[in-house]
Amino acid sequence: MRVTMINKYYPPHLGGIEHHMHDLALGLAAAGVDVRALVANEGRELVDTEYDGVPVTRLPRAFAYASTPVAVAMRANIRAQAASETPPDVLHLHAPYPWGEISWLGSGVDIPSVLTYHSDIVRQRFLGAAYRPWLERTLDKVDLIIAGSPNMVEHSDLLSARADKCRVVPYGIHTEKFDDTPKTVARAQVLRAFHPRPIILFVGRLVYYKGADVLLRATERLDVDIVLMGSGPLEAPLREWVVAHGMADRVTFLAPQPDAELAAWYQAADVFCLPSVARSEAFGLVQIEAHASGTPVVSTDLPTGVPFANLDGVTGLTVPVGDHEALASALERLVADDELRARLGAQARERARTEFSVSRMAAQTRDVYQQAVGGIA
């Protein structure tokens, strides 16, 4: 089976969808799928290359608007692939990427198609309103739609109206990166030694929808240390808030860390917290990373895949969105109850390894491809 994935960018460009595409492509290749990527370049050159063995065509980028790169040649390239001696059996789009969907619609190619719907457009209202008619046409035309959780199908009005053609394929990670190896355990012990209090860990961009400010308010009166790992436009105001509220000795700001150090921090933490406050948080894959490390999670009950990834009372606790008092109570409960924390952590580790591996994600995605090729909708 030959598959071409279409998206904005591809690694080494950093981004959640890009990271997902990379893992999925490698998982599919390991399962015998001939997969390639068609994306925009970050420059104005056409580059055909390989990345970790996956052929990648990076089309010249004319400009970018609202984080959407415009690669004028994308429509023609889709047509050229369809007309080649070895055309793809499936085209796999990743949305939202307005230029990608518009290019695919304009290409007019007749190849089985699958679209992974990663997230609603929440904050960019003007772009969302202009994009919606094109997205609706795309969703109507593709053969099948992949969603990362049943929650996304239920709560997104675009998907719920097309539930019959949706297939749930939960995201997967390389869980082995978070094994408690002797090296990781030793490093985690060193990190713990610098923190006399229980550690609450946050990993993510410091942007509005992640809710790091809610976490800080929730922990202001708790006897815990907070580690905020990430960067973003809210870092400076968050630092100012921490100093103004006398928390400088209990809050550590860290830049994003390499994989080995990240795994050690997950091991060192008593609780991981994802206090997201908006539907822009479509899944929260960092929760699964914490689970794979045996660390329970406190997250919010957003109408997205976040509470699907972190099952309340099974792998952690969930609280109402934006409620810092409820968040404080949940964190305090977990920190104080060693038995509960250990039970949830063990269940989280088991679920991460059985339900959220890359190999499982690739196998289920391949099943969706086969349905699309077979005309089963």
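FYI, it's all coordinate maths here, none of it is from the lab. Every value quoted in this text rests on a predicted model; they were computed, and no experiment measured them. Here the Cβ is made from the backbone with ideal geometry for all residues, glycine too, and neighbour counts use every protein chain on show.
Quick check: the distance between the Cα centres of region 90-105 and region 267-315, to the nearest angstrom?
For region 90-105 versus region 267-315, the Cα centre distance is 29 Å.
Roughly how compact is region 175-355, stated as its Cα Rg over 2.2 N^0.38 Å to two decimals? Don't skip to the answer; put the middle values down first.
Details: Rg = 14.8 Å, N = 181, 2.2 N^0.38 = 15.9 Å.
So region 175-355 has a normalised radius of gyration of 0.93.
Rank the residues Leu228, Leu105 as a footprinting-exposure proxy: fewest other Cβ atoms within 10 Å of their Cβ go first.
Details: Leu228 24, Leu105 13.
If I rank by nearby Cβ atoms, fewest first, I get Leu105, Leu228.
What are the ³J(HN,Hα) couplings of region 220-225, residue after residue, when phi is run through the Karplus curve with 6.51, -1.76, 1.60 and θ = phi - 60°? Round to Hz, x for glycine and proline.
Karplus-based 3J(HN,Hα) across region 220-225 equals 4, 10, 9, 8, 9, 9 Hz.
Pick out which of Thr219, Thr181, Thr116 has the largest mean-square fluctuation in a Gaussian network model of the chain, springs linking Cα atoms closer than 10 Å.
Of Thr219, Thr181, Thr116, the Gaussian network model singles out Thr181 as fluctuating most.
Check Asp180: other-chain or 5+ apart residues with amide H under 5 Å from its amide H, H built from backbone geometry?
none
Mind giving me the FRET efficiency for Glu154 and Leu105? R0 is 25 Å, r the Cβ-Cβ distance, nearest 0.05 is fine. Spell out each step's value before the answer.
Numbers: r = 27 Å, r/R0 = 1.07.
About 0.40, to the nearest 0.05.
Using the 10 angstrom Cβ neighbour count as an exposure proxy, how do Cys273, Cys166 rank, fewest first? Don't skip to the answer; put the middle values down first.
Numbers: Cys273 32, Cys166 19.
If I rank by nearby Cβ atoms, fewest first, I get Cys166, Cys273.
Given the -39500 (n - 2.57) contribution per DSSP H run of 4+ residues, what per-residue ellipticity at 222 nm results for the chain, rounded to the nearest 500 deg cm²/dmol?
Working: 15 runs with 161 residues, N = 377.
Value at 222 nm, helices only, nearest 500: -13000 deg cm²/dmol.
Let me spell out the model: positive unit charges on the Cβ of Lys and Arg, negative unit charges on the Cβ of Asp and Glu, origin at the Cα centre of region 1-76. What dipole size does that give, in debye rounded to 20?
320
How would you classify region 104-199 from its alpha-carbon gyration tensor, with a ≥ b ≥ c the square roots of the eigenvalues: rounded for a/c under 1.5, else prolate if a/b is greater than b/c, otherwise oblate? Each step should come with its number before you reach the end.
Working: a/c = 3.13, a/b = 2.32, b/c = 1.34.
Because a/c hits 1.5 or more and a/b exceeds b/c, region 104-199 counts as prolate.
About the Cα centre, and with charges only on the beta carbon of Lys, Arg (+1) and Asp, Glu (-1), how big is the dipole of region 175-355? Nearest 20 debye, please.
Numbers: 18 positive and 25 negative charges, 49 e Å.
I would put it at about 240 debye.
Per residue of region 185-192, what does 6.51 cos²θ - 1.76 cosθ + 1.60 with θ = phi - 60° give for ³J(HN,Hα)? Whole Hz please, x for Gly and Pro, Karplus curve as stated.
Listing the rounded values in order: 4, 5, 5, 4, 5, 5, 4, 4 Hz.
What size of dipole, in debye to the nearest 20, comes out for the chain about its Cα centre when the only charges are +1 on Lys and Arg C-beta atoms and -1 on Asp and Glu C-beta atoms? Let's see the in-between values first.
Details: 36 positive and 45 negative charges, 129 e Å.
The calculated dipole for the chain is roughly 620 debye.
Between Glu261 and Ala248, what length comes free when the chain is fully extended (0.36 nm per residue of separation minus the Cα-Cα distance, one decimal in nm)? Don't skip to the answer; put the middle values down first.
Numbers: separation 13, 0.36 × 13 = 4.68 nm, distance 2.27 nm.
Full-extension gain reported as 2.4 nm.
Which whole-Hz couplings ³J(HN,Hα) result when phi for each residue of region 253-260 is put into the Karplus expression 6.51 cos²θ - 1.76 cosθ + 1.60, θ = phi - 60°, listed in order with x for Gly and Pro?
Coupling constants for region 253-260: 9, 10, 5, x, 10, x, 3, 5 Hz.
Can you classify region 195-266 as rounded, prolate or oblate using the Cα gyration tensor, where a ≥ b ≥ c are the square roots of its eigenvalues, rounded means a/c under 1.5, and otherwise it's prolate if a/b beats b/c and oblate if not?
Details: a/c = 1.85, a/b = 1.15, b/c = 1.61.
Cα axes put region 195-266 in the oblate bin.
Just give me a number: lysine pairs in the chain, eight or more positions apart or cross-chain, with C-alpha atoms less than 28 Å apart.
Lysine pairs satisfying the spacing and distance rule in the chain number 6.
Please list, in chain and number order, the residues 5+ apart from Tyr51 or on another chain whose amide H is under 5 Å from its amide H, with Hs placed from the backbone.
When sequence neighbours closer than 5 places are left aside, the close amide H contacts are Val56.
For Met361, Met21, Met229, what's the fewest-to-most ordering of other Cβ within 10 Å of each Cβ?
On the way: Met361 23, Met21 26, Met229 19.
The most exposed by this proxy come first: Met229, Met361, Met21.
Could you work out the local net charge near Ile200, counting Lys and Arg as +1, Asp and Glu as -1, over the other residues with Cβ closer than 15 Å to its Cβ? Walk me through the numbers before you get to the answer.
Details: positive: Arg192, Arg197, Lys210, Arg217, Arg221, Arg250, Arg333, Arg341; negative: Asp213, Glu220, Asp223, Asp225, Asp249, Asp270, Glu332, Asp337.
For residues surrounding Ile200, the net value is 0.
Taking the chain as a Gaussian network, Cα atoms linked when under 10 Å apart, which of Ala264, Ala346, Ala244 shows the biggest mean-square fluctuation?
Ala244
Label region 1-138 by shape, choosing from rounded, prolate and oblate, from the square roots a ≥ b ≥ c of the eigenvalues of the Cα gyration tensor; if a/c is under 1.5 it is rounded, and otherwise prolate applies when a/b is larger than b/c, oblate when it is not.
Working: a/c = 1.43, a/b = 1.33, b/c = 1.08.
Rounded.
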